[in-house]
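To start, the structure under review is shown below, and the notes come after it.
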Amino acid sequence: MKTMQFGRGESLGLEGEDVLTLNQRIKRGLPYASLVHFSNFSRLPLVAIENAIGMPQGARSRRQKSGTLNFNESDSLCRLSRLYEFALELFHGEPEATQVWFQSPCRALGGLTPLWCSITDPGARELERVMGRML
């Protein structure tokens, strides 16, 4: 099994980017291809990811045409990917177990799913706290 460095963009197809470069890419808007790559990597449905990153319904074709996500979508996708990669480490690189857990209600999160908690910064912080206790 490959050792992962969660939060470094592997699940977005942006391996090896340093934090400052990734920050600049988020500001400019991540490529739409990063969203598709993350969906394939995580096995999470594209529509669920779009909802989680706040992409308006019907915006997919516009993003595909422009080739980029907006700043808020990019920032949210990066947060979601970081949290998913953290969860993948918790589940020892097992994508099926991680995908199921990420979409299942969690008692430690008040019955919310990790995917739902990843939508906001406070929810993401709580999810990180819960995952940190699972280590």
Just wondering, is there one or more residues in the stretch 111-125 that are on the phi < 0 side of the Ramachandran plot, acidic (Asp, Glu) and either touching a residue at least 60 places away in the same chain (Cβ under 8 Å) or in contact with a Gly (Cβ under 7 Å, 6 or more places away or on another chain) (or both)? no
Looking only at the stretch 72-87, how many residues end up being open to solvent by 10 Å² or more (accessible area, probe 1.4 Å) and either within 15 Å of residue 132 (Cβ to Cβ) or of a type in the set (Lys, Arg) (or both)? 3
The stretch 92-113, subset assigned to a helix (DSSP H, G or I) and among the charged types (D, E, K, R), residue farthest from residue 128 (Cα to Cα): 96
Pull up the stretch 1-58, narrow it to residues that are under 21 Å from residue 91 (Cα atoms) and among the polar types (S, T, N, Q), then point me to the one that is modelled with the lowest pLDDT. 3
In the stretch 99-119, residues that are among the β-branched types (Val, Ile, Thr) and over 12 Å from the mean Cα position of the chain (by Cα) total 2
Test: residue 60 is of a type in the set (Lys, Arg), surrounded by fewer than 16 Cβ atoms within 10 Å (Cβ to Cβ) and within 22 Å of residue 47 (Cα to Cα): yes
Set 115, 127, 109: member being touching an Asp or Glu at 6+ places or on another chain (Cβ under 9 Å) and farther than 19 Å from residue 14 by Cβ: 109
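The values are calculated or read from the model by the stated rules, or taken from the named source; none is laboratory data. Bear in mind that the values here come from a model prediction, so they are computed numbers and not experimental data. Note that we place each Cβ from the backbone using ideal geometry, even for glycine, and neighbour counts take in every protein chain shown. Just so you know, the surface numbers come from the protein's heavy atoms only, side chains and all, with ligands and any DNA or RNA stripped out. Shrake-Rupley method; radii C 1.70, N 1.55, O 1.52, S 1.80 Å.
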